[in-house]
1. Which one is farthest from ASN65 (Cα to Cα) among residues in the range 116-125 that are exposed (fewer than 14 other Cβ atoms within 10 Å of the Cβ) and at pLDDT 95 or above?
2. Considering only helices (runs of 4 or more DSSP H) fully contained in the range 126-236, which possess at least 3 residues that are more than 18 Å from the chain's Cα centre (by Cα) and surrounded by fewer than 14 Cβ atoms within 10 Å (Cβ to Cβ)?
3. Looking for something among the basic types (Lys, Arg) and closer than 25 Å to GLY97 by Cα - is there at least one such residue anywhere in the range 207-217?
4. Do we find a residue being modelled with pLDDT under 95, part of a loop (DSSP other than H, G, I, E, B), among the polar types (S, T, N, Q) and surrounded by 13 or more Cβ atoms within 10 Å (Cβ to Cβ) anywhere in the range 2-19?
5. Going by the conditions given, is SER202 closer than 25 Å to GLU82 by Cβ, of a type in the set (Ser, Thr, Tyr) and at pLDDT 95 or above?
6. Could you grab me the full set of residues in the range 16-43 that are among the polar types (S, T, N, Q) and more than 21 Å from TRP128 (Cβ to Cβ)?
7. Go through ASP166, ASP178 for me and flag whichever is in contact with a Leu (Cβ under 6 Å, 6 or more places away or on another chain), under 24 Å from LEU207 (Cα atoms) and at pLDDT 90 or above.
8. Picking from SER35, SER92, which residue would you name as being more than 19 Å from ARG123 (Cα to Cα), in contact (Cβ under 8 Å) with a residue 40 or more places away in the chain and of a type in the set (S, T, N, Q)?
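The values are calculated or read from the model by the stated rules, or taken from the named source; none is laboratory data. Predicted model, so just to flag it, every value in this text is computed and none were measured. In this analysis, Cβ positions are derived from the backbone assuming ideal geometry, glycine residues included, and neighbour counts consider all displayed protein chains.
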Amino acid sequence: MNDVYIFTDFDGTITLEDLGDKLFVDFGQFEPYHSELLSHRLNIRQYWEHLFASLPDHVGEQFINGWAVAQQVDMYFKEFVEFCRGNGLPLSVVSDGFDIYIDPVLSNINQSELKVYCNKAKRQAGKWQLTYPLATESCGCLVASCKRNAILKDVPTDAFVIYIGDGYSDFCVAQYADIVFAKKSLARYCFEQKMPHHNWRSFFDILSVLRKILHSKLLRPRHQARLRRMDAFKCE
C-alpha cells in the first residue's frame, strides 16, 4: 500500500464558519469586494488587499488572535487528528486564508504542531503586509496560494492523496486527490465534474469512511489524479 497523505482545508472545514469571510464581515468591508472577485473584476490578491485595508486600526494582530480563539471548530476534528497520528497518516492543513487567525485557532485546540500551508499577514507601520508562499504562475486556480503546490511539496509521486474541503478554493486541488471528501460548493463542483467524492457534514463522517477504507486496505488510486500530479511535478 502506497503512503497515504491527508490534506484538509481550514475555513468552513476545520472551523464551522469561514473565518476568512467572517473577519471582514464583522469588522471590515466584505462587499462589494467579494462580488467583484466572483465577477472577475478583482483578482484574488487585489481582493485580499482591499479586505485588509478595510479593517479599522484597532483590529490588529492581537485583536484578531483574541477573536480567533473564540471561534468554533468541528467537534470531531481533534479525534480525527488523533486517528491520523495513531495510524501514521501525515495530516496537513492547506488554506487560502491567513496565519493570523489560523494559528491561534489551532493553538487553542492544542493542534499547533500540525503542518500548515497558508498565506501570511503582518501589520507593520500601520499597514498590512500580505505574502503568499505557495503562489505560482503554472496554475490558474482562483486562490492566492495554490493548494495544489502543498501536495506537490509534501508528497512523493506515488503517494495516495486524500483531500477534505468545502469551497471554491478547493476546486483545483481536489482534481489532484485520489479520494475527495466534499461538502457545500465543492460537493456541487465534484458532482458537476463527475468527480468521485464522499459527501460529509462533520469529521465524524470522514472518520467512519476512512476506518472502513483502511481496514479493507482497498486504496484504489484515481488515474486522472495521478496523471495530473505527474504533469504538475514536471511543470514545477
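1. Selected residue: LYS120.
2. 203-216, 223-235
3. Pass one, the range 207-217, residues among the basic types (Lys, Arg): 211-212, 217.
Filter once more, keeping what is closer than 25 Å to GLY97 by Cα: none.
Scanning the range 207-217, I find no residue that is among the basic types (Lys, Arg) and closer than 25 Å to GLY97 by Cα, so the answer is no.
4. Yes, the range 2-19 contains a residue that is modelled with pLDDT under 95, part of a loop (DSSP other than H, G, I, E, B), among the polar types (S, T, N, Q) and surrounded by 13 or more Cβ atoms within 10 Å (Cβ to Cβ).
5. yes
6. Answer for the range 16-43, where residues must be among the polar types (S, T, N, Q) and more than 21 Å from TRP128 (Cβ to Cβ): SER35, SER39.
7. It is ASP166.
8. Unique residue meeting the criteria: SER92.
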